[in-house]
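Structure, as C-alpha cells:
Bear in mind that the values in this text are calculations on the coordinates, not laboratory data. All values derive from a computational prediction rather than experimental measurement. All Cβ positions, glycine included, derive from the backbone under ideal geometry; neighbour counts span all protein chains shown.
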Amino acid sequence: VDWVVKRYWPEGDWSKLDPVGPSPCMIHKAQLATFVDDWLDFSMGLRSNKDAERVIQGWVQEMWGWTIAAAKHGARHKIDPAMQIE
C-alpha cells in the first residue's frame with residue numbers, strides 16, 4: 001500500500017495515515033478547503049488506477065483519497081471509537 005500513498009503524497013508514508021474515512025467527520029470549512037481538491041484528485045486517481053485497485057478495493061478508494069489528502073495537508077483526526085461503527 002505504501003507505493004499507492006507515495007504516488008499521491010511522495011514525502012509521506014502509510015504509517016502516518018489516520019485510520020479513518022471521511023465520515024462521520026466534523027471539520028471547519030476553511031480547513032476542508034485546504035485539501036478538498038487533493039481529496040477529489042486522489043480519489044479519482046485511485047479509481048482509475050488498475051494497480052491500485054488490486055490493493056485497495058474500489059468501494060474504499062474515496063476513503064483512502066480522503067485520508068491521504070488530509071495527512072498530506074497536516075489535518076489530524078481525533079478518533080473516537082464510540083463514533084466508528086462498522
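Observations on the structure shown:
- At q = 0.17, 0.19 Å⁻¹, base-10 log of I(q)/I(0) for the chain (Debye sum, equal scatterers on each alpha carbon): -0.66, -0.83
- Evaluated with a Cβ-only charge set (Lys, Arg +1; Asp, Glu -1), the chain carries a dipole of roughly 60 debye about its Cα centre, given to the nearest 20.
- Cα-based reach from LYS72 at 20 Å (exclusive), listing aspartates and glutamates while leaving out same-chain residues under 8 positions away: ASP2, GLU11, ASP13, ASP18, ASP37, ASP38, ASP41, GLU62
- Rg/Rh ratio calculated on Cα atoms of the stretch 37-86 (Kirkwood radius): 1.04
- Between ALA69, ALA52, ALA30, the Gaussian network model of the chain with springs among Cα atoms under 10 angstrom shows the greatest mean-square fluctuation at ALA30.
- Label positions at VAL60 and LYS78, each projected 7 Å from the Cα along the C-beta direction, are separated by 2.6 nm.
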